[in-house]
Each structure stands twice: as C-alpha cells, then as structure tokens.
Amino acid sequence: MNIVIERIETATPELAAFLLAHHRDMDGTAPPESQHALPLTGLLAPGVRLFAVVEDGHPIATGALATIDEQHEELKSMRTDPTQRGRGLATAMLSFLQADAVARGIRRISLETGSQEFFLPARALYARAGFVECAPFGGYLPDPHSTFMTLSLEGTGGEPRGERAR
C-alpha cells in the first residue's frame with residue numbers, strides 16, 4: 001500500500017468536517033477544561049505543521065507538530081477516519097512526523113492524550129513507537145484526565161527512541 005502524506009496549509013470544507021468529527025469523537029471523554037485538541041485555525045497557525053493522508057479529495061488521517069521550543073515539539077491531532085482504521089495510517093503518520101522532526105533538528109516530541117479507556121489504542125500506538133509517560137510539559141498542568149508522553153529523538157543515526165524527559 002502506498003500512503004501519501006502531504007502538508008496542509010489551507011483550510012478546506014473536507015478538512016474542517018474531518019477535524020470537527022475528531023472533536024465530536026472526544027465529546028464526553030473529559031470535561032472541557034481537560035480537552036486540548038486544537039481547532040482548525042490553531043492547526044494552521046504559525047509554529048504548527050499539519051499533515052494529512054488524502055484520498056479522493058477527503059482527509060482520512062491527520063497529524064501535526066506544534067512548536068514548544070526550538071528543539072521540542074508537541075504531537076497534535078492524530079486521527080484516522082474510523083472507517084479507515086486497520087490500514088496502518090496512524091503508524092505511517094507517526095513515523096512520518098518523527099522523520100519530519102528529525103530532519104529539522106527537533107530533539108524531542110511530547111504529547112498529551114486522554115487517560116480514559118477510549119484513548120487506550122492511541123496510548124498503545126505511542127508506546128509501540130517508543131513514547132514513554134512523562135510529567136506535564138509546556139503549559140500543561142497535572143490532570144487526571146490526561147496522559148503525558150514523550151519521545152527523545154536523540155540517538156545514533158538520528159533514529160527516534162523512547163527516553164524519559166529530564
């Protein structure tokens with residue numbers, strides 16, 4: 001299977017609908033103050049790199065990297081259309097985002113995801129990729145509804161590997 005991932009720099013109605021579905025998927029998983037998914041305008045803001053797998057003009061998977069500091073970025077808006085799950089799109093997107101970060105000299109990627117059972121598949125995906133649980137980072141505060149994870153991109157040959165943040 002050939003998965004093509006492209007950078008997204010402008011809004012489309014299809015992308016807006018896809019991301020609205022992402023937000024709806026998470027409704028009820030945590031109180032509003034514990035939900036940290038960016039709206040489309042936030043994903044298209046300076047300092048954020050949004051990517052998508054698009055088939056027949058419709059996004060079927062997304063992922064983004066948002067700048068925390070010069071060498072640290074946050075993984076945002078990882079989503080695969082529920083009808084497309086099982087095709088390896090999330091794994092491909094995560095690998096692509098890691099390679100993009102490594103190529104730009106980023107040394108760490110961190111993420112916040114839900115601690116509820118709904119998010120178990122996402123946490124398992126991140127753990128398989130080498131992410132490990134960590135303390136809140138950036139502007140986050142401790143929250144029982146959140147799980148924080150990080151991945152060091154430092155290593156021999158620039159290969160991503162998991163390591164606790166110091």
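A compact table of results
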| quantity | calculated |
| --- | --- |
| Yes/no for Gly63 being at pLDDT 95 or above, closer than 23 Å to Thr147 by Cβ and open to solvent by less than 10 Å² (accessible area, probe 1.4 Å) | yes |
| One residue from Ala37, Ala21 being more than 15 Å from the chain's Cα centre (by Cα), open to solvent by less than 80 Å² (accessible area, probe 1.4 Å), at pLDDT below 95 and aliphatic (A, V, I, L, M) | Ala21 |
| Options Thr113, Thr80, Thr91: the member that is touching a Phe, Trp or Tyr at 6+ places or on another chain (Cβ under 6 Å) and either open to solvent by 40 Å² or more (accessible area, probe 1.4 Å) or modelled with pLDDT under 95 (or both) | Thr113 |
| Whichever residue in region 87-137 is part of a helix (DSSP H, G or I) and in contact with a helix residue (DSSP H, G or I) (Cβ under 6 Å, 6 or more places away or on another chain) and, among such residues, is farthest from Ile3 (Cα to Cα) | Val102 |
| Test result for Leu44, under 17 Å from the mean Cα position of the chain (by Cα), within 25 Å of Arg108 (Cβ to Cβ) and at pLDDT 90 or above | yes |
| Filter result for Arg85 (among the basic types (Lys, Arg), surrounded by 20 or more Cβ atoms within 10 Å (Cβ to Cβ) and farther than 21 Å from Ser152 by Cβ) | no |
| Some residue of region 68-81 being over 11 Å from the mean Cα position of the chain (by Cα), in contact (Cβ under 8 Å) with a residue 24 or more places away in the chain and more than 28 Å from Arg108 (Cβ to Cβ) | yes |
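The values are calculated or read from the model by the stated rules, or taken from the named source; none is laboratory data. None of these values were measured; they are calculated from a predicted model. Cβ sites come from the backbone with ideal geometry, for glycine too, and all protein chains shown count toward neighbours. Quick note on the areas: whole protein, heavy atoms, side chains included, nothing else; ligands and nucleic acids left out. Shrake-Rupley method; radii C 1.70, N 1.55, O 1.52, S 1.80 Å.
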